[in-house]
Structures are given as structure tokens and as C-alpha cells.
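Following: one structure in C-alpha cells, then a few remarks.
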Amino acid sequence: MTTARPQGPWQAGFEPIDLPRVLHYPDATRYAARMEGHLTRAPASMGDDVAGQHDDHADPPADPYDPMWLREHSQDWDIVHVHVGLPPGTDPRLPIALDTHRRQGTPVLVTVHDLPGSGTIAGDALDMPSVQRVLADAWLVTTFTTGAARTILERTGIRPRVIPHGPMLSGADLLRARRYRTACGGEWGPILVELEPHHPANDVDGALDACALLAGSMPVRLLVHAVHEHAVAGHPGIQAADLVVHHGMAFDQVVDHIAAARALVLPRTAGLHSQRLELAADIGTPVISGRVGHLAEQHPVVGVPVHDGRIDVAALAEAMLTPAEHSVTSRVEDRERAWAEVCMAHERLYSTARSHGAHVPDHSASTP
């Protein structure tokens, strides 16, 4: 497996590992960043203020959706990797940008995180004809689960290759989160619920109704952004919980909240996959989730029925009261093994795409 390059100056006799330069759409996501410097490197033209140039002759800001800019910088990357249905969503200029990449002969890989009509923000920002266009001309299409691969095949006629999502944390970050969970007694902490009234696939009212049913018999911590506090104010479920109002939470803070919880509630009513589920699996926190999409294929969850777009409140309250079985909690070695498998799969994928040269569509992946 490719290993991360050592930091600092190269000593005599050593050469840097020639990692593939990958241009991601959308860029700056945590899903892609976890591999940067380890399996991939960012195109130089996507760096901030390259070489510290601040004069009037500095290059214009990078715009990976502008055909002219893409043509000028087409030698700055080896591979284009598109993420369909990954927040913050898909820019409507993407098809034009991909046409430019294809004319330049750059291999285009596509990973499907979610699909139109799923009820999620990123998914519903898409339309099926545009997705079909992106997938049809890709060198290779991947997704995270066998069930999602079948869904994509049924809806698009394209058979994706399955590469699991894998951990959001790795190495020292994963171990730090596990140590924090052990130190703060996460197994005996509160049930954690992130309230996201703006997210159409989260049944906030159902989660709060379940909290009201518990009537304080189980410690519950609710996280809500200040701009959404008014949307949940006055609900009786708030009275029996610890409400944490924030103005934007850093990733490390989210990790600490999940580590301190005995379980994480994802009141999902739609969607193919979940990054929060993968993060909780890294930390070793059980997840209670709506029985939707292919979340249970990603990692074992305590599934709660969803009826007509609403989560089963009584079943959710019962799940919150019942200690989770060990089968829904991952071990450190499980997550380390999953990370190794994801890294090897992407290393092979990027290596093949890079050596492939000119773009030729390839939909001959194995049957899901």
C-alpha cells in the first residue's frame, strides 16, 4: 500500500512518492481530504495563493468550473473525481466542466453518494437527466454498498463498482477519539441527537416526540444551530433534554460530542448513505437510525421503522431506552482494517485511471 510521504526535506538517495494529482468535484470535502497527502495530492493550481503571489500579475483565482481556466491548467492534474450527492451539492456548471475534461482526455471517475429524489439536500439538488449524463460518460462509476449499486443500475442502467465508504477518521485521530470516549465514559453518557430542521430527510419532530415520551428517564443531549433554535423552541421534548445551542461546530467538537454519547440518533427518513454513521463507527458509538437507504450495509445500526416519511416515534423512544448490542459497535481493529481496504481499493483505482491516459468509458465492473 502507498504510504504517506515523510515531512521535511528529502535526504540523499530518496525520491518523493509520485502520488496522483486528483481534482475533486466538489472540492475541499472531508471525504476527499482524508486521502490527500497519503494516496493523492492536490493540483498545484488549486492551492491558496501559490508561491505567495500578491501582486497585480498573480494568476486569477482558481475556478474548476470555468472551461477557459480548465484548458489553461489541464496539465495540473491526472484524474478528475466527481462526487454525486455529496454535500455541499453539485454545481449546475458541472456537466460543462466535465465536457472540457473529457475533450482534454482526462479520466473522469464518479462516486455516487446519493441520488435525486432521495429526500436529502444534496440529492434533491440534482436532476436525473444531469446525473445520467455525468454517469454515462464516466471512465468508472463507484458507490459504497451493494444495495446502492443495484439501485443505481435500476435507475440509470450503469453498474457501479462497490468500494465501501470507510472511516472518516484514521490513525492518530481515530485513536484519540476512542481514548476520549473511554475517558469520558461515553457508554454512560447522554443519547445525542443533532436537530437539523433545514434538512428534509431528518424527522426533527419525531426525534423530539421520542424525547417527550422518555420524560427525562434517559439523559438526552440535543444539538441545534442558533439559526434553527426558534424552529424547535416550545416543543415538550426540549424540556426533558440538555439543549446545546451553537453557532457552528468544528469537526473536532462534533467528534467529541459523539464520543461522549452512549448512542447517536440519526432520525433519517431518506437517503442512501451517511457520513455521520461512518464517523460514529470510527469512534465506537452505536447509532440509532431510521431504517432507510443502505445505512445498515455501511455499518450495523439499531434500525427504527419509517412510515410515510415519518419515523416511528414509539420505536425510536424504545431504542433510545434499550442498551445497544455489541454487534452494532465497531472495534478499533475493524475500522483500521476497513481503512486499509479502502486505501488499497483507491490506490488501485487511481493507478489504473492514471495509466489509462485518454478517457474511454468503462462500465464493466463486477456484478453487485
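The values are calculated or read from the model by the stated rules, or taken from the named source; none is laboratory data. Owing to the predicted nature of the structure, the values given are computational and were not obtained by experimental measurement. Cβ sites come from the backbone with ideal geometry, for glycine too, and all protein chains shown count toward neighbours. Keep in mind that these areas ignore ligands, DNA and RNA; they rest on the heavy atoms of the full protein, side chains included. Shrake-Rupley method; radii C 1.70, N 1.55, O 1.52, S 1.80 Å.
Worth pointing out:
- Under a Gaussian network description of the chain, with springs only between Cα atoms under 10 Å, the residue in 129, 197, 167 that fluctuates furthest is 129.
- Result for the chain in a Gaussian network model with C-alpha springs under 10 Å: among 211, 184, 343, the largest mean-square fluctuation is at 184.
- Other-chain or far-sequence residues with amide H under 5 Å of residue 243's (modelled H): 222
- The relative contact order of the chain, computed from alpha carbon pairs under 8 Å that lie at least 6 residues apart in sequence, is 18 percent.
- Taken one residue at a time, the phi angles of region 228-233 give Karplus couplings (6.51, -1.76, 1.60, θ = phi - 60°) of 10, 4, 5, 6, 10, 4 Hz. Gly and Pro are set to x.
- Exposed loop sites here mean chymotrypsin sites (Phe, Trp or Tyr not before Pro) with a DSSP loop assignment and at most 13 other beta-carbon atoms within 10 Å; the chain contains its longest site-free run at 15-368.
- Prolate/oblate/rounded label for the chain (Cα gyration tensor, a/c 1.5): prolate
- Length-normalised contact order for region 243-368 - Cα pairs under 8 Å, 6+ apart - percent: 19 percent
- Inter-site label distance for residue 18 and residue 44 at 7 Å from Cα along Cβ, in nm: 1.5 nm
- In this rough spin-label picture, where each label sits 7 Å from Cα along the Cβ direction, the residue 332-residue 36 distance is 2.8 nm.
- Relative to the longest principal axis of the Cα atoms of the chain, helix 146-156 runs at roughly 60 degrees.
- Fraction of accessible area attributable to carbon and sulfur, the chain (%, probe 1.4 Å): 52 percent
- Gaussian network model of the chain, Cα within-10 Å springs - most flexible of 285, 269, 156: 156
- J(HN,Hα) series, region 239-248, from Karplus relation 6.51 cos²θ - 1.76 cosθ + 1.60, nearest Hz, glycine and proline x: 5, 9, 9, 8, 8, 10, 9, 10, 10, x
- Mean Cα-pair separation over length for region 288-350, i.e. relative contact order, pairs under 8 Å, 6 or more apart, %: 26 percent
- Label point distance in nm, residue 247-residue 314, each placed 7 Å from Cα along Cα→Cβ: 4.4 nm
- Antiparallel bridges, percent of DSSP beta bridges restricted to region 174-269 (to nearest 5): 5 percent
- DSSP finds beta bridges in the chain, and of those with both partners inside it, around 10 percent are antiparallel.
- More than 20 Å apart - percent of Cα-Cα pairs taken over region 171-321: 45 percent
- Between residue 254 and residue 172, full extension at 0.36 nm per residue minus the direct alpha carbon distance yields a gain of 27.8 nm.
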